[in-house]
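*Asks:* This is the structure, below, for whatever I ask next.
The values are calculated or read from the model by the stated rules, or taken from the named source; none is laboratory data. Everything numeric here is computed off the predicted structure, so don't read it as measured data. When we count neighbours, we look across all protein chains shown, and the Cβ atoms used for this are built from the backbone with ideal geometry, even at glycine.
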Amino acid sequence: MVVHSFYYSLALTRLSASAALAAECITGYYTMTLTLLNIVQQLIYKAPSSILTVPANNKFHQVKEEVMLRPVRFVLSEIWVEHLGWMYTQLGDRFAIGRRISAFLVEILKTLSPSSGLTDGPFAALNQYVADRLLFKATTSTINPLVSSIAVGESLFPTLSNACRQGDARSFAFLLESHLQLISLVLNYKQRSSISAEPCLLEQALCARVSGGANLLDTRSY
């Protein structure tokens, strides 16, 4: 319980989390980062149970949403958009970081999505924040982790297999599965939201096969 409270506080304290992250980027080992992501993930996964037990207009939901928004903002701004360029002692850590983030983003867009429109529902602000980062106000940096993984997938699997790195190959397969689910949800979200019929940035990048993550197997990264 004490350990859980410590990491939970770390997730909500941007300065402390940034310092821990900087230290791990130097060593190439991401034990604390992965633990932090696991706690954020569990926080998101447990949110639906509160929807069933507490009235939707209860003040509790507003407080809980803010508690979730803080670490999600930190993760997307400090980890998601940066992790492809970090040094890794174990390549599998890179895939695990990306997968854990996309997994809880999937949970937000799928389970915590407002039932009708973007402005209702107990966790509408959290849902809107994620939709903004990946769709409505998306930038190259916010969609690059998704696009780069898809772009290098065809060549990466044979490379890992030929190098007898089956564990890394499995980790990459799980990453792709999670990323593809997130991409599907984002594009479905676009269809439901009555925004421009023009291709969004994510669609444009996928069609152009933009490969910002071509350095996934750069030997300097692990």
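*Asks:* Checking Ala138 against (1) within 20 Å of Ile44 (Cβ to Cβ); (2) at pLDDT 95 or above, which test does it fail?
*Replies:* Only one criterion is unmet by Ala138, namely (1).
*Asks:* Let me ask another. Quick one: is Glu65 modelled with pLDDT of 85 or more and of a type in the set (Asp, Glu)?
*Replies:* It is false that Glu65 is modelled with pLDDT of 85 or more and of a type in the set (Asp, Glu).
*Asks:* Evaluate the following for Ser196: is it farther than 23 Å from Ser77 by Cβ and at pLDDT below 85?
*Replies:* yes
*Asks:* Sticking with this structure for a sec: Pull up the range 68-118, narrow it to residues that are within 20 Å of Tyr189 (Cα to Cα) and hydroxyl-bearing (Ser, Thr, Tyr), then point me to the one that is modelled with the highest pLDDT.
*Replies:* Ranking the candidates gives Ser102 first.
*Asks:* Would you check which residues across the range 178-197 are surrounded by 13 or more Cβ atoms within 10 Å (Cβ to Cβ) and either under 11 Å from Val106 (Cβ atoms) or free of Cβ contacts under 8 Å to residues at least 40 places away in the same chain (or both) and list them?
*Replies:* Within the range 178-197, Ser178, His179, Leu180, Gln181, Leu182, Ile183, Ser184, Leu185, Val186, Leu187, Asn188 qualify.
*Asks:* Identify, please: which residue in the range 200-213 is surrounded by 13 or more Cβ atoms within 10 Å (Cβ to Cβ) and in a loop (DSSP other than H, G, I, E, B) and is, among those, modelled with the highest pLDDT?
*Replies:* Out of the qualifying residues, it is Cys200.
*Asks:* Can you say whether Ala131 is touching a Lys or Arg at 6+ places or on another chain (Cβ under 8 Å), part of a helix (DSSP H, G or I) and small (Gly, Ala, Ser), as far as the supplied structure shows?
*Replies:* Considered against the rule, which asks whether it is touching a Lys or Arg at 6+ places or on another chain (Cβ under 8 Å), part of a helix (DSSP H, G or I) and small (Gly, Ala, Ser), Ala131 comes out as no.
*Asks:* Take the range 134-162 and flag every residue that is in contact (Cβ under 8 Å) with a residue 40 or more places away in the chain, surrounded by fewer than 16 Cβ atoms within 10 Å (Cβ to Cβ) and more than 23 Å from Leu185 (Cβ to Cβ).
*Replies:* Thr159
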